[in-house]
Amino acid sequence: MPKAKNTNLNKAGINKEDEFYTKITDIERELRYYKHYFKDKTVFCNCDDPETSNFWKYFELQFEELGLKKLVSTHFDPEKPTYKLELMRDIDGDGKITKKDIIKTPLQQNGDFRSPECIEILKEADIIVTNPPFSLYTEYVKQLMDYNKKFVIIGRETVATNKYIFPLIKDGKIWTGYNNGDMEFVVPSYYEPRETRYREENGIKYRSLGNALWLTNLDIPKRHEDYKVYKAYREEDYLKFDYYDAIFVAKLTDIPCDYDGVMGVPITILHHHNPEQFEIVGLLAGNIRGLAGIPSKIDKDGPYVNGKMKFGRILIRNKRLAK
Ligand SMILES: C[S@@+](CC[C@H](N)C(=O)[O-])C[C@H]1O[C@@H](n2cnc3c(N)ncnc32)[C@H](O)[C@@H]1O
């Protein structure tokens, strides 16, 4: 478990909402599906205090089993230069690659994933795996895309519908991993519970952040499996959006199997999306404009049905029914 970071409390530049740490069980549960990708590869965890991060710990413990070439992690401190840890070969000659083979090197800069020094490490890396700071999520993903990197990262579900990330998902450049949904994270000891989805066990504080999801651009079998749809379409069962030629689908299980028009479905469809089955047409969400992908009848936006704003909906079309 990561140690509590009381020392960070008073530091300038630390956003307390960014301080939540991924459990090793959740990391294991997801990364088991990507194991074959790591052989002979350099993995970079660039938002991970390597002394406490479970991402570092996972790769350190699995180094040989995965056949990694190199593991690198940089430590971030908003106020001062930090260091990086690297693991790549059996330095002490005991025949195994373990903790004892870690090399610690000071950095000139502060370990910010955007710093030139960290970008140089990024360029050398093959796969980036981490839970990046929520407050910088878009910038973080943009950097990975700009440097054309493969990645597996976790974040809050809400990031999937932001103006930069949603188009990447829509265009099939990135997609969700396996274990999406309600997930709890370790929070620092200074965290004061303000909500019910909080618990404490053996002195460690845990907090759910609502739905989380994994985002990746490594191909996974799940992405080629259909979401099973059974319901036959009957006009009287579905409302229509006020401004769009699209039906309103309240729950995923209500997605009709035989409707060939545009359907506004819950955002959790992204957990099950197979681009061979559905085309993602666009997004209707109250706080975001201009992503619908189909024309608005009166130039107004938003997921309105009978004058009432609904939760955000992803607009999809069944590709198998395309004429
Ligand atoms: C959501 S936490 C996750 C930490 C770790 N990856 C994990 O999953 O346990 C994000 C971490 O990124 C660090 N961070 C914030 N801004 C950063 C930056 N600009 N560059 C690198 N790391 C940053 C935060 O201090 C925080 O520890």
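Quick notes on this one:
- Debye, to nearest 20: dipole size of segment 225-321, +1 on Lys, Arg Cβ, -1 on Asp, Glu Cβ: 280 debye
- Sparsely packed loop sites in segment 217-318 (the trypsin sites (Lys or Arg not before Pro) outside DSSP H, G, I, E and B with at most 16 other Cβ atoms within 10 Å) comprise LYS228, ARG234, LYS251, ARG289, LYS297, LYS300.
- Mean projection area, nm², convex hull over Cα of segment 1-147: 8.8 nm²
- Shown for MET263, MET309: other C-beta atoms within 10 Å of each C-beta, ranked fewest to most, produce the order MET309, MET263.
- Protection-proxy order for peptides 198-208, 55-65, each taking the mean of Cβ atoms within 10 Å per residue, highest first: 55-65, 198-208
- One quarter of the surface of the convex hull around the alpha-carbon atoms of segment 135-227 equals 7.7 nm², the direction-averaged projected area.
- In segment 21-101, the DSSP beta bridges split such that about 50 percent are antiparallel, to the nearest 5.
- Residue exposure proxy: ILE165, ILE298, ILE24, ordered by other Cβ atoms within 10 angstrom of their Cβ from fewest to most, comes out as ILE298, ILE24, ILE165.
- Point-charge dipole on Cβ atoms (K/R +1, D/E -1) for the chain, about Cα centre, debye to 20: 460 debye
- Across q = 0.20, 0.25 Å⁻¹, segment 225-321 modelled as identical point scatterers on its alpha-carbon atoms has Debye log10 I(q)/I(0) values of -0.94, -1.44, in the order of the q list.
- Of the residues SER53, SER135, ILE103, the one whose Cα sits farthest towards the positive end of the charge dipole of the chain is SER135 (charges of +1 on Lys and Arg Cβ, -1 on Asp and Glu Cβ, taken about the Cα centre).
- Think of the chain as having a plus end and a minus end, set by charges on the Cβ of Lys, Arg, Asp and Glu; of TYR83, GLY302, ILE24, GLY302 sits farthest toward the positive end of this dipole.
- Candidate cross-link partners of LYS123 among the aspartates and glutamates, defined by an alpha-carbon separation under 17 Å and a same-chain spacing of 8 or more, comprise ASP40, GLU86, ASP112, GLU139, ASP146.
- Ranked by how many other beta carbons lie within 10 Å on average, peptides 190-196, 133-139 from highest: 133-139, 190-196
- Å³ per residue enclosed by the Cα convex hull of the chain: 158 Å³
Readers should treat all values here as calculations from the given coordinates under stated rules, not as data from a laboratory. All figures in this text were calculated on a predicted structure; none of them were measured in a lab. Note that each Cβ is placed from the backbone with ideal geometry, even for glycine, and that neighbours are counted across all protein chains shown.
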